[in-house]
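For reference, the structure is listed below as structure tokens.
Each reported figure results from applying straightforward, stated rules to the coordinates on display, with no laboratory input. Bear in mind the structure is a predicted one, so any value in this text is a computation, not a measurement. Positions of Cβ are generated from backbone atoms using ideal geometry, with glycine treated the same way; all protein chains shown enter the neighbour counts.
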Amino acid sequence: MIEFAFILALAAGSPQMQEVPAPPACRGAPGTIDWQACADAAGQGTPHYAFAMINLGTQAYVDGDYAGALRFYDKAELPGQVISSDVIFHTFRADTYQHAGRDAEARADARVAWLKLIDDPSVADAPRDRLPIDDEVRFAVLTRILPILQAGDPASFGPARAMFIGLPVEGWESLTNRAAVLEQLGEYDAALVDSKRAVDLQPNEPGALNNHCYTLIRAGQPERGLPFCERAIALAPDIAPIRHSYASALAAMGRCDDAERQLAEARRLEPRGAIYREPLACTSKS
């Protein structure tokens, strides 16, 4: 899987780390290291501590824990040094920053990720840090950075979108992810085609249902979206993005008190999510 490939790429190390002997807890075959134990052994402020924090951040990101990922990524920062790794690291960190509302940092990482994706010499990796780029990696990267590039890097956005649209899409997960990106880009008609195909393939998958609901809301059709949100909530009640979509549908329909309750639940489930701190526009309908 892509996430595991990222951890393998990190395990190769960096020039700074090669100059400092690794504590025994930081040594081992890829996938076998306890990164918290490594961090404890290395000590805060050391390159191996930063390395462990990056891996812990990535593990948190893969688990959907944006708050944890942000905390670990921030702890990885060393005074006077800039962290540079493979394309997946910069992609995940860009998405984490964006989720926390740290837009300038998100744009910086998204640009680095795009340049690495096209093998721009200005961000060339050392051979041991290079991650093989295939369509799976391109899709994973672009689904996360395209909305960031659209908002902050128009020159990169055009070619990045063209690459994204040209990638093959198979299965409900890919359809859902592409629909989510198209929705964020404001391309609602195309997004609805993909999100409906995903639901047709997996009618009991909360992620597909939630995506289709939110896309319908964004397309100005909350009444059509609400049943899909309700089904998603019934299947996965403890997922903050699903609660947020449900709240958005209710707000768009003028059910303001119900919407605020759902938004409060999303905040409880994911306290550091920037989007859940934003109030939903709602005009009560009697």
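Starting from 0.36 nm per residue, how many nanometres of slack lie between E223 and A264 once their C-alpha separation is accounted for?
Numbers: separation 41, 0.36 × 41 = 14.76 nm, distance 2.16 nm.
This chain segment gains 12.6 nm when fully extended.
Of P279, G207, H244, which is farthest along the charge dipole of the range 198-286 in the positive direction, counting Lys and Arg as +1 and Asp and Glu as -1 at C-beta?
P279
Angle between the Cα long axis of helix 206-218 and the longest principal axis of the chain, 0 to 90 degrees, nearest 10?
60
Provide, in order from the shortest bin, the percent of all Cα-Cα pairs of the range 198-286 in each 10 Å bin, continuing until the bin that contains the maximum pair distance.
Here the calculated profile for the range 198-286 is 21, 51, 25, 2.
What is the distance, in nm, between label points placed 7 Å from the Cα along the Cα-to-Cβ direction at D119 and at A29?
Output for this residue pair reads 3.1 nm.
Can you give the relative contact order of the chain as a percent, counting alpha carbon pairs under 8 Å and 6+ residues apart?
Details: 424 pairs, mean separation 32.5, N = 286.
Relative contact order of the chain: 11 percent.
Report the calculated FRET efficiency for Q81 and I133 (r = Cβ-Cβ distance, R0 = 35 Å), to the nearest 0.05.
Values: r = 26 Å, r/R0 = 0.74.
Efficiency at R0 = 35 Å is approximately 0.85.
What is the mean projected area of the alpha carbon convex hull for the range 133-266, to one decimal in square nanometres? Don't skip to the end; give the middle numbers.
Details: hull surface 33.1 nm².
Average of the hull's projected areas for the range 133-266 equals 8.3 nm².
Using only Cα atoms, tell me the angle between helix 87-99 and the longest principal axis of the chain; keep it within 0 to 90° and round to the nearest 10.
With rounding to tens, the tilt is 50 degrees.
What relative contact order, as a whole-number percentage, does the range 132-194 give when Cα pairs under 8 Å and 6 or more residues apart are counted? Show your work: numbers first, answer last.
Values: 40 pairs, mean separation 19.9, N = 63.
Answer for the range 132-194 is 32 percent.
Given the Cα-Cα distance of L167 and Q36 and 0.36 nm per residue of separation, how much length would full extension add, in nm? Before the final figure, lay out each step's value.
Numbers: separation 131, 0.36 × 131 = 47.16 nm, distance 3.72 nm.
Taking L167 through Q36 to full extension adds about 43.4 nm, to one decimal.
Given the options T176, T46, T32, which has the most mean-square fluctuation in a GNM of the chain, springs set between C-alpha atoms less than 10 angstrom apart?
For the chain, modelled as a Gaussian network with Cα springs under 10 Å, the answer is T32.
Order by neighbour count: E278, E205, E136, E170, fewest other Cβ atoms within 10 Å first, most last. If you can, show how the numbers build up before the last one.
Working: E278 11, E205 19, E136 15, E170 7.
Placing the least packed residue first, the sequence is E170, E278, E136, E205.
Can you tell which of A274, A259, A162 shows the greatest fluctuation in a Gaussian network model of the chain with Cα springs below 10 Å?
Highest fluctuation among the options: A162.
Looking at the chain as a GNM with Cα springs under 10 Å, which of A198, A124, A249 has the largest mean-square fluctuation?
Maximum among the listed residues: A124.
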